[in-house]
Amino acid sequence: RYSPSSGLRIFSSTAIGPTFPQFLLASASTCTSAQRFSTTSKYSSENIISSPLPEITNKFPQLKNYSQLYDFSLRESDQFWGTLGSELLQWNEPFTTVSRHDHKSSTFRWFHDGKLNAAVNCVDRHAAEHPDRVALIWERDEPGHEQRVTYRELQEMVWRVAGVLTESGVSAGDRVAIYLPVSPVAVATMLGCARIGAVHSVVFAGFSAQALASRIQDAGASVLVTANSSTRGGRLIPLQATARAAVALCPGVRQVFVMPHSPQPLELADNEVDLERAMSAVQTAPPPSVQGAEDPLFLLYTSGSTGKPKGLVHTTAGYLLYAALTHRLVFDYKPGDVFGCVADIGWITGHSYVVYGPLLNGGTTVLFESTPVHPDAGRYWETVERLRITQFYGAPTAIRLLLRFGDDFVKKYDRSSLRVLGSVGEPINSEAWRWYYDVVGDGRCTVVDTWWQSETGGIMIHMTVPQRRGSGTVLCCAVLSDSQGKPVYDSGATGALCVSSIWPGIARTIHGDHQRYHDTYFAPYAGLYFSGDGARRDDEGYLHITGRMDDVINVSGHRLGTAEVEDVMMEHPEVSETAVVGCPHALKGETIFAFLVLKENSASPQHKIETELRESVKHNIASYAVPEFMLIAPALPKTRSGKIMRRLLRQIAKGNLEDLGDTSTLADPAAVETVLKLYRQMP
Ligand code: WT7
């Protein structure tokens, strides 16, 4: 997505603390640190490890600068992670082995003989130390109604939810589906599961009943926690109705807990229980279950290029350590900060940087339930002023939207509390970066672009820019692989963005399908983790993310497999073929373009079919998956072996009609001509 001309050079800085945990990822054997992250001198490495990691630097005083720390983390990986593991987490039984990996079977284990409890690490230990510190600030849909929850209060909520779940028969290892708006009870439910060793599976509350049902079924969840309804951006979201429609498809669900989230009176069916009431009836806190380090903590579904969404399995200690460490380092987190990540808890960003990272560090985290434009385009910054937010973490798609409303919506609010502005989920374009830096941050804050994935558990690459010269994307570190799986270091090289060693936060498997895990991430490039993204190394050695190499698209920072949308559209009785591709969109980053062929006997008017298809995608997936453009053609361009030429359709969807590349393998050149003609006729 980034053409070389789209950005100026990006320089790294030490402005937010010299913290590049991602650099700890490439393996020592493949290259030197200098090769890996290029010009070390740019990092003014001397002050790089002064304050952020006293847990390491106190123990290893010989590590004087960043590159020494980096090399140490590779050379003595177990010492490095082992030290952090025992310092940052609280254990019931300490581990004796730091890592044990079996690359042949893609089985990775961290701290595997240690025992701990995730909820104790997030809440109880802080409640013991500083019970009255605010853990959560719930920023509801209407501004000015925020609610604060202290560590002591959160602890009580967690054990009450844990009690409710235990009484309903949930025990360690069972899966609990969560379909809730961003709220304290959602956090308490996640941690309530963790307290008893149950595995939570949060499903974004914008997903349809169908999508919720398939995730419940795949996870084998027997309990669902939802709310009657919520309001977002002033719009009512009927969660309970959707949950009911989903549960009707899931015979395995025996109990549904409904939180009275909005003031309407609760109406409960036979299998539904008032969660609030059940929580107040709990008499005693169930003791925290002592879990193995490698026991699963949660499932999170994400889209792949083929097939149904995959349930990534994150396990306990490694994930927690990685979330805690990256939260601290990348955002320069300090006690007293108010951390404002505006992501929904239904995504990995919400898991790692709304819930786990900030709470593990004993911090105060904001739960943002509204939208960037409710009641107006100043909402984020009004919230920053009122809550005195110190780190703001959001998505480029929202920044692009807000900058169109002009600077006044920003400038009328006091943003002097802000130190760090984070960006996540998609490339941040130069205009958005500048506005974020100049206007929102007053040229005073650090903008940090963070690259990572649901699979990685936490931030892998981050890029900070001190001067107003940014644009483009991350600089980085991980390895660029050629098609043979050999890392390439030449400037100008493009390749697959890979990671050459195993870090603690990596998802351990795909629920119920370890083979798919192996095939997706480890089979493409021998010995490397393949991210699915491509990257280019520039002439100074920095890597730039160029976008997905597979059939995954990114709509407003939401990941979507084109095959998922195609599968839904193919269900339509009058559709015979579909090809869905992404095309650039000024606000959403990418939007969906669907090419369709109808069956010979199709008689309905095209606009009717298109409306039905939109409805059906919304019904089966979610609103953001609905194609923005549809083109119905008599045939799609195919190769002689019968494969749809997606590359060509992608070019057409982008409007690159002159630049269709090699069309010599086309079976029927006339098909392209017709598609082009129809494209030109589109409104
Ligand atoms: C995909 C992962 C990580 C939390 C949110 C998304 C794209 C993510 C960046 C960035 C360019 C980015 C990649 C990646 N992506 N961050 N800073 N610059 N691209 O998690 O849904 O698992 O999606 O998002 O393509 O593979 P996800």
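Each reported figure results from applying straightforward, stated rules to the coordinates on display, with no laboratory input. Quantities reported herein were computed from a predicted structural model and do not represent experimental measurements. Here Cβ is always computed from backbone atoms with ideal geometry, including for glycine, and neighbour counts include all displayed protein chains.
Ordered by the number of other Cβ atoms lying within 10 Å of each residue's own Cβ, fewest first, Arg647, Arg415, Arg125 fall into the sequence Arg647, Arg125, Arg415. Which aspartates and glutamates, on any chain, are close to Lys310 with Cα under 12 Å apart, when same-chain ones fewer than 8 places away are left out? Output for Lys310: Asp218, Glu455, Asp513, Glu564. Each 5 Å bin from 0 upward holds the following percent of the Cα-Cα pairs of segment 603-683: 3, 13, 21, 19, 18, 15, 8, 2.
The mean of 1/r over all distinct Cα pairs in the chain, once inverted, gives the Kirkwood hydrodynamic radius of 25.9 Å. If you take the Cα centroid of segment 238-290 and the Cα centroid of segment 72-113, the two points sit 38 Å apart. Considering segment 151-227 at the alpha-carbon level, its Rg and Dmax are found to be 12.0, 38 Å.
Taking 29 Å as the straight-line reach from the Cα of Lys64, the lysines in range (excluding those fewer than 8 positions away in the same chain) are Lys42, Lys334. Multiplying the residue separation of Ser305 and Ser576 by 0.36 nm and removing their Cα-Cα distance gives an extension gain of 95.5 nm. Per-peptide packing, taken as the mean over residues of other Cβ atoms within 10 Å, places 216-222, 654-660, 395-401 in the sequence 395-401, 216-222, 654-660 from highest down.
Both radii were evaluated on the Cα set of segment 360-429; the Rg over Rh quotient, with Rh as the Kirkwood radius, amounts to 0.95. Here the Karplus relation 6.51 cos²θ - 1.76 cosθ + 1.60, evaluated at θ = phi - 60°, turns the backbone of segment 58-63 into coupling constants of 5, 7, 10, x, 6, 7 Hz, with x for every Gly and Pro.
If R0 is 22 Å, the Cβ-Cβ spacing of Asp132 and Glu167 corresponds to a FRET efficiency of close to 0.15. Here segment 403-421 and segment 569-619 have alpha carbon centers that stand 39 Å from each other. If you take the Cα centroid of segment 131-193 and the Cα centroid of segment 647-683, the two points sit 52 Å apart. Can you spot the lysines whose alpha carbon is less than 17 Å from Lys115's alpha carbon? Ignore those fewer than 8 places along the same chain. Excluding near neighbours in sequence, the set is empty. Relative contact order for the chain: 14 percent, from Cα pairs under 8 Å spaced at least 6 residues apart, divided by residue count.
Peptides 417-424, 198-205 ranked from most to least packed by the mean count of surrounding Cβ atoms within 10 Å: 198-205, 417-424. Mind checking segment 143-187 for trypsin sites (Lys or Arg not before Pro) that DSSP puts in a loop (not H, G, I, E or B) and that have at most 11 other Cβ atoms within 10 Å? Counting only loop positions with at most 11 other Cβ atoms within 10 Å, none of the trypsin sites (Lys or Arg not before Pro) in segment 143-187 qualifies. Compute the distance in nm between two label points, each set 7 Å from the Cα along the Cα-to-Cβ direction, one at Glu600 and one at Ser664. For Glu600 paired with Ser664, the spin-label model returns 3.5 nm. Apply the a/c threshold of 1.5 to the C-alpha gyration tensor of segment 123-166 and tell me whether it is rounded, prolate or oblate. Oblate is the answer for segment 123-166, as a/c is 1.5 or above yet b/c matches or exceeds a/b. Look at Leu84, Leu165 and count the other Cβ atoms within 10 Å of each Cβ; fewest to most, that gives Leu84, Leu165. Entry note, segment 377-450: relative contact order of 36 percent, from Cα contacts under 8 Å with a spacing of 6+ residues. Once backbone amide H atoms are built at 1.01 Å from N, Ser262 has Asn228, Ser229 as its partners under 5 Å, excluding neighbours fewer than 5 places away on the same chain.
Using the Cβ-Cβ distance between Glu55 and Ala526 with R0 set to 56 Å, the FRET efficiency from 1/(1 + (r/R0)^6) comes to roughly 0.95.
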